[in-house]
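Undergrad: Got a structure for you, written out below as structure tokens; questions coming shortly.
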Amino acid sequence: MGAKRRRRVMAQLDQAAQACVRAGAQMTDLRRTVLRLILEAEGPATAYELLDRLKRTRKGAVPPTVYRALDFLMAQRLVHKLERLNAFVPCAETGHQHMAQFLICRECGTVAEIEDRAAARALEHAAGREGFQPRHTVIELEGTCAACSHPASG
């Protein structure tokens with residue numbers, strides 16, 4: 001990992017810690033480490049991938065260790081769980097409560113987080129018409145990203 005990316009990850013970790021303080025939550029060393037692993041990942045990371053990487057520095061790490069840290073990070077809105085992939089990605093806006101949508105490329109595996117408030121409102125209204133009160137929404141669109149749809153010609 002390059003120096004520029006390393007500085008960006010460290011800045012994101014500091015922002016996350018500040019968001020936790022504002023929320024009255026504690027960013028422990030373990031939680032910070034798991035968040036760092038997610039931020040450093042090239043794409044979505046599964047809990048077991050995170051556990052394997054965590055074991056390099058914490059030999060006694062077990063699945064519940066990672067799952068508890070992930071639960072905290074999701075509760076603090078620092079990471080999102082992609083249900084389709086059963087994997088985790090960092091939130092594009094640290095600690096910000098929003099209904100994000102995810103674009104998952106079937107070709108290259110990239111994931112883009114977007115926030116379309118009109119789409120979110122439309123879903124809320126549709127649910128309300130049915131008398132349904134959503135607590136948590138994950139919208140994942142699977143398809144082909146622009147780079148894979150239009151590969152550069154050589």
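Values in this text are rule-based calculations from the coordinates and carry no lab data. These numbers come from a predicted model, not from an experiment. Here the Cβ positions follow ideal geometry from the backbone for every residue, glycine too, while neighbour counts run over all protein chains shown.
Undergrad: Within the set of other residues whose C-beta is less than 11 Å from the C-beta of V62, count the net charge using Lys and Arg as +1 and Asp and Glu as -1.
TA: Once positives and negatives cancel, what remains is +4.
Undergrad: Of all trypsin sites (Lys or Arg not before Pro) in region 78-154, which ones are in loop regions per DSSP and have a Cβ with at most 15 other Cβ atoms within 10 Å?
TA: Those satisfying the criteria are R84, R106, R135.
Undergrad: So which GluC sites (Glu not before Pro) in region 41-111 are both in a DSSP loop and have at most 15 other Cβ atoms within 10 Å of their Cβ?
TA: E42, E83, E93, E107
Undergrad: Next question. Can you list residues whose amide H is under 5 Å from V79's amide H, if they're 5+ apart or on another chain and H is modeled 1.01 Å from N?
TA: M74, C91
Undergrad: Taking amide hydrogens as modeled 1.01 Å from N in the peptide plane, which residues meet the under 5 Å criterion relative to A87, leaving out close sequence neighbours?
TA: For A87, whose amide H was placed from the backbone, the distant partners under 5 Å are L82.
Undergrad: Just to be sure I understand the curve: with the Debye formula and one point per C-alpha of the chain, what is log10 I(q)/I(0) at q = 0.11 Å⁻¹?
TA: -0.50
Undergrad: Fewest first, what order do F132, F88 take by the number of other Cβ atoms within 10 Å?
TA: Ordered from fewest to most neighbouring Cβ atoms within 10 Å, F132, F88 come out as F132, F88.
Undergrad: Obtain the nm distance between the two label points defined at T57 and A120 by a simple spin-label model: each point lies 7 Å from its Cα along the Cα-to-C-beta direction.
TA: Result for the modelled spin labels: 3.2 nm.
Undergrad: Something else: Residue separation times 0.36 nm, minus the C-alpha to C-alpha distance between A147 and Q15: what's the value?
TA: Contour length minus the Cα-Cα distance gives 44.5 nm.
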